[in-house]
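Asks: Mind having a look at this structure? Questions to follow.
The values are calculated or read from the model by the stated rules, or taken from the named source; none is laboratory data. Note that the coordinates shown come from a computational prediction; the quantities given were computed from them, not determined experimentally. Note that each Cβ is placed from the backbone with ideal geometry, even for glycine, and that neighbours are counted across all protein chains shown. Protein only, heavy atoms only, side chains kept; ligands, DNA and RNA dropped before computing areas. Shrake-Rupley method; radii C 1.70, N 1.55, O 1.52, S 1.80 Å.
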Amino acid sequence: MKKVLMVALGGTLAGIVATTQIAGPLLAQESERNSSVYEQLDLFGDIFERIRAQYVEEVEPGELIEAAIDGMLTSLDPHSSYLSPDDAAAMRVQTRGEFGGLGIEVTQEEGFVKVVSPMDGTPADEAGIEAGDFITHVDGESVLGLTLDSAVDMMRGPVGSEIIITVVREGVDEPFDVSIIRDTIKLTAVRTRTEGESVVLRVTTFNDQTYPNLEEGLKEQIEAAGGMDKVNGVVLDLRNNPGGLLNQAIKVSDAFLDKGEIVSTRGRNPEDGERFNATPGDLIDGKPIVVLINGGSASASEIVAGALQDHRRAIVVGTKSFGKGSVQTVMPLRSDGAMRLTTARYYTPSGRSIQALGVSPDIVVEQPRPNPAAEDEDEGNGRTRSEADLRGRLSNDSLTEDEIRQIEEDREKAEASAARRQEDYQLAYAIDILKGLSALGPQE
């Protein structure tokens, strides 16, 4: 009995020694980490007090703390930031679809403000600001070295006031100034129209109004066309759409999918991941879709384009999208402020992340820049002559009046298509794809 007790006691002592040998270093490492954090916080406190006591001008302590918090967040990635109470309130208004400003979505790159996209019908759009432009100065003051929020604050101001921004654009040798009058930005999330037999859904942003606007506008266009049988497909135009609410991107994707995954998100912890799946029902009963994207299509736009592309539900046309594949969570803070923190990456149904890569179109179609010289040359050439213009030509007596009328209508459609290519080449290309797919469909 004594031997057994001694053996058991020896095992217990060995376990204690082993536990101490393993846990001891771990506890020491944790203690060192905590000690280092407290030392850094003490350092922060020392710097804070010295600024308050010795800076050349008196400073507001609250502003210093806010700046320190914002600096901590913006050091993580371009999309994490601190929102003051005013900024948090403005963001809540923006997601509802109305806010004040220039009408541009921006990010930060190499210290400068980069335009993700101008929003349709806004002062920035009307002034000719383009996706990919760099804003280097605001009213003559450089934005280099400022945080993104500070640069955006410089661009804010009373409605009706003028702002002059200095723009650097690829392909333009010298920076140039653009004058913009600030205005209240009222976003129409989805604009709908019919071009020939194709319904065009122009989605400008993803806010609370996006899916209701899309569903209602699509229904109106189909009814005006005389029913779904009179429609050959849909062009979903996501160009220069900077994104917005994740739930709206899911709803728009689900509008055209019957089943399958739409998007998944993965955070630091595997258990925090989520998957969002489509529900039965397709608003256009399986009709073809062409999705238009460009370098200004970001975030929620890329979720929709990626989901429809992976399910082979749509042909994606245009140029590579922006490549923002991260999810930001807005967390309320005390004093009515908020923290916008990147908490996850999102993945398309095939499992690909588009972070910094973007969605690559199935068919690359560049949007030609306007060429005034070419337009003048075209005007000088006039209409091309044909047999019908020749004096004394033979008449075509093999056609009935109805057949002649049909030929004339087809010619008018062709001329309208040519005019559309001059106005918006990418959109004309998308509509031509739908026309071609319709021509290959089953004949009744």
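Asks: When you look at LYS320, is it closer than 14 Å to LEU357 by Cβ and either open to solvent by 40 Å² or more (accessible area, probe 1.4 Å) or more than 16 Å from the chain's Cα centre (by Cα) (or both), yes or no?
Replies: On the way: closer than 14 Å to LEU357 by Cβ: yes; either open to solvent by 40 Å² or more (accessible area, probe 1.4 Å) or more than 16 Å from the chain's Cα centre (by Cα) (or both): yes.
Spelling it out, LYS320 is indeed closer than 14 Å to LEU357 by Cβ and either open to solvent by 40 Å² or more (accessible area, probe 1.4 Å) or more than 16 Å from the chain's Cα centre (by Cα) (or both).
Asks: If you go through the range 138-153, how many residues are open to solvent by 30 Å² or more (accessible area, probe 1.4 Å), free of Cβ contacts under 8 Å to residues at least 40 places away in the same chain and either within 30 Å of ILE293 (Cα to Cα) or not aliphatic (A, V, I, L, M) (or both)?
Replies: 8
Asks: Out of the residues in the range 156-208 that are hydroxyl-bearing (Ser, Thr, Tyr), assigned to a strand (DSSP E or B) and out of contact with any Leu (no Cβ under 9 Å at 6 or more places or on another chain), state the one that is least open to solvent (accessible area, probe 1.4 Å).
Replies: So in the range 156-208, the residues hydroxyl-bearing (Ser, Thr, Tyr) come out as 161, 166, 179, 184, 188, 192, 194, 198, 204-205.
Keeping just the survivors that are assigned to a strand (DSSP E or B) gives 166, 179, 184, 192, 194, 198.
Adding the requirement that they be out of contact with any Leu (no Cβ under 9 Å at 6 or more places or on another chain) leaves 166, 179, 184, 194.
Numbers: THR166: 22, SER179: 65, THR184: 57, THR194: 56 Å².
Of everything passing the filter in the range 156-208, THR166 is least open to solvent (accessible area, probe 1.4 Å).
Asks: Kindly provide the set of residues from the range 245-271 that are closer than 14 Å to HIS311 by Cα, of a type outside the set (A, V, I, L, M), out of contact with any Leu (no Cβ under 7 Å at 6 or more places or on another chain) and not in a strand (DSSP E or B), ordered by number.
Replies: ASP254, ASP258, LYS259, GLY260
Asks: Another one. In this structure, is ARG182 more than 23 Å from SER297 (Cβ to Cβ), touching a strand residue (DSSP E or B) at 6+ places or on another chain (Cβ under 8 Å) and basic (Lys, Arg)? Spell out how you get there, then give the answer.
Replies: Values: more than 23 Å from SER297 (Cβ to Cβ): yes; touching a strand residue (DSSP E or B) at 6+ places or on another chain (Cβ under 8 Å): yes; basic (Lys, Arg): yes.
Judged against the criteria, ARG182 is a match.
Asks: Follow-up. What are the residues in the range 75-118 that are assigned to a strand (DSSP E or B), modelled with pLDDT of 90 or more and surrounded by fewer than 20 Cβ atoms within 10 Å (Cβ to Cβ), if any?
Replies: Of everything in the range 75-118, just one residue is assigned to a strand (DSSP E or B), modelled with pLDDT of 90 or more and surrounded by fewer than 20 Cβ atoms within 10 Å (Cβ to Cβ), namely LYS114.
Asks: Might you check whether a residue that is of a type outside the set (D, E, K, R), touching a residue at least 40 places away in the same chain (Cβ under 8 Å) and in contact with a strand residue (DSSP E or B) (Cβ under 6 Å, 6 or more places away or on another chain) occurs anywhere in the range 278-287? Even if it seems obvious, please write down each step before you answer.
Replies: Step one: of the range 278-287, the residues of a type outside the set (D, E, K, R) are 278-281, 283-284, 286.
Going one step further and asking which of them are touching a residue at least 40 places away in the same chain (Cβ under 8 Å), we end up with 283-284.
The next check asks that each one be in contact with a strand residue (DSSP E or B) (Cβ under 6 Å, 6 or more places away or on another chain); those that pass are 284.
Yes: one or more hits.
Asks: Pairs only if they're at least six apart or on different chains, beta carbon under 6 angstrom, first in the range 421-434 and among the polar types (S, T, N, Q), second not in a helix (DSSP H, G or I); list them, first residue then second.
Replies: GLN426/LEU292; GLN426/GLY318; GLN426/VAL365; GLN426/GLN367
Asks: Looking only at the range 259-303, which residues are modelled with pLDDT under 95, of a type in the set (D, E, K, R) and within 18 Å of VAL316 (Cβ to Cβ)?
Replies: Matches in the range 259-303: none.
Asks: Continuing with this model, one more query. Filter the range 42-52 down to residues that are of a type in the set (A, V, I, L, M) and open to solvent by 80 Å² or more (accessible area, probe 1.4 Å), then give me how many there are. Walk me through it before giving the result.
Replies: Of the residues in the range 42-52, the ones of a type in the set (A, V, I, L, M) are 43, 47, 51.
Right, trim to open to solvent by 80 Å² or more (accessible area, probe 1.4 Å) and you get 43, 47.
Counting residues in the range 42-52 that are of a type in the set (A, V, I, L, M) and open to solvent by 80 Å² or more (accessible area, probe 1.4 Å) gives 2.
Asks: Sticking with this structure for a sec: Which of the residues that make up the range 192-233 are over 18 Å from ILE250 (Cα atoms) and β-branched (Val, Ile, Thr)?
Replies: THR192, THR194, VAL199, VAL200, ILE222, VAL231 - these are the residues of the range 192-233 that are over 18 Å from ILE250 (Cα atoms) and β-branched (Val, Ile, Thr).
Asks: Out of the residues in the range 275-323 that are out of contact with any Asp or Glu (no Cβ under 7 Å at 6 or more places or on another chain) and basic (Lys, Arg), state the one that is nearest to LEU83 (Cα to Cα).
Replies: Filtering first and then ranking leaves LYS320.
Asks: Among the residues of the range 216-244, count how many are open to solvent by less than 10 Å² (accessible area, probe 1.4 Å), in contact with a Lys or Arg (Cβ under 8 Å, 6 or more places away or on another chain), modelled with pLDDT of 95 or more and in a loop (DSSP other than H, G, I, E, B).
Replies: Total satisfying the criteria: 1.
Asks: While we're here: Could you tell me which of the residues MET339, MET331 is farther than 27 Å from GLU130 by Cα, open to solvent by 40 Å² or more (accessible area, probe 1.4 Å), among the hydrophobic types (A, V, I, L, M, F, W, C) and touching a helix residue (DSSP H, G or I) at 6+ places or on another chain (Cβ under 8 Å)?
Replies: Values: MET331 fails: touching a helix residue (DSSP H, G or I) at 6+ places or on another chain (Cβ under 8 Å).
When all the criteria are applied, what remains is MET339.
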